[in-house]
Amino acid sequence: MTSALAGAATAIALVAGAPAAGAVSAAEPHVITYDASGAEEFQDAVAEAAAVWNDQVANVKLEEATGGEADLTVLADDQWPRAQVESLGVGTVWMGRQAVDEGHHVPRIATHEIGHILGLPDDRTGVCEDLMSGASAGTDCENNLPNSEEKAEVEENFARGVAVEPTLFSEAPALAAR
């Protein structure tokens with residue numbers, strides 16, 4: 001009986017695993033400060049996207065920066081939306097008016113682009129339920145909630161403190177081959 005209990009305890013320990021150095025537990029979310037002052041007309045959508053992520057994941061909390069440096073800067077411009085990830089939880093998002101002018105849902109754009117900052121790649125499935133499918137889901141898609149796999153990946157990213165290479169994610173449609 002003792003060896004069975006010891007074996008069960010070992011199995012539980014292996015499944016649970018020890019947190020990596022610098023990892024954040026679910027009890028202590030990683031706080032990401034954001035500055036949307038340059039997001040112009042998209043400021044409300046950015047606040048909504050931050051609230052969505054705060055409601056959907058436990059290992060991360062997005063908070064508006066109050067004076068000083070922010071981990072995430074959100075800007076507006078006339079191009080396609082994009083995100084420059086510097087490291088996990090750090091980067092710049094551009095809320096591009098070109099996608100909005102074409103009819104894409106603004107809250108979905110904001111939540112999707114922040115997803116990149118949280119370590120999620122593009123997954124152009126064309127499926128509206130996949131937040132990270134982005135513009136490939138079409139202009140009728142208004143889903144701005146991450147699916148269960150996307151939420152789990154963000155939770156894992158911050159629980160383990162994964163390293164994310166600097167990457168520019170652009171939503172601009174690929175140019176047709178000539």
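The values are calculated or read from the model by the stated rules, or taken from the named source; none is laboratory data. All figures in this text were calculated on a predicted structure; none of them were measured in a lab. All Cβ positions, glycine included, derive from the backbone under ideal geometry; neighbour counts span all protein chains shown. What goes into the accessible areas is simple: the full protein's heavy atoms, side chains included, and nothing from ligands, DNA or RNA. Shrake-Rupley method; radii C 1.70, N 1.55, O 1.52, S 1.80 Å.
Quick rundown of the values:
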read-out	value
Relative contact order [Cα under 8 Å, 6+ residues apart], the range 70-175, whole percent	30
Listed peptides 133-144, 62-73 by packing density, highest first (mean Cβ within 10 Å)	133-144, 62-73
In range of the label at Gln98: residues from the range 123-142 whose backbone nitrogen is under 14 Å from the point 7 Å along Cα→Cβ	135
Whole-number D in µm²/s for the range 86-130 (Stokes-Einstein; Kirkwood sum over Cα pairs; 25 °C, 0.890 mPa s)	213
Selected from Leu168, Ala137, Val154, residue furthest toward positive end of dipole (the range 126-178; charges at beta carbon)	Leu168
Solvent-accessible area per residue for the range 121-161 (1.4 angstrom probe, square angstrom)	51
5 angstrom amide H check on Thr125, placed H, neighbours 5+ away	Ser133
Cα centroid separation - the range 140-171 against the range 38-99, whole Å	13
Accessible surface ranking that places the most exposed of His30, His104, His116 first, with a 1.4 angstrom probe	His30, His104, His116
Percent carbon-and-sulfur accessible area, the range 95-178, ignoring ligands, DNA and RNA, probe 1.4 Å	51
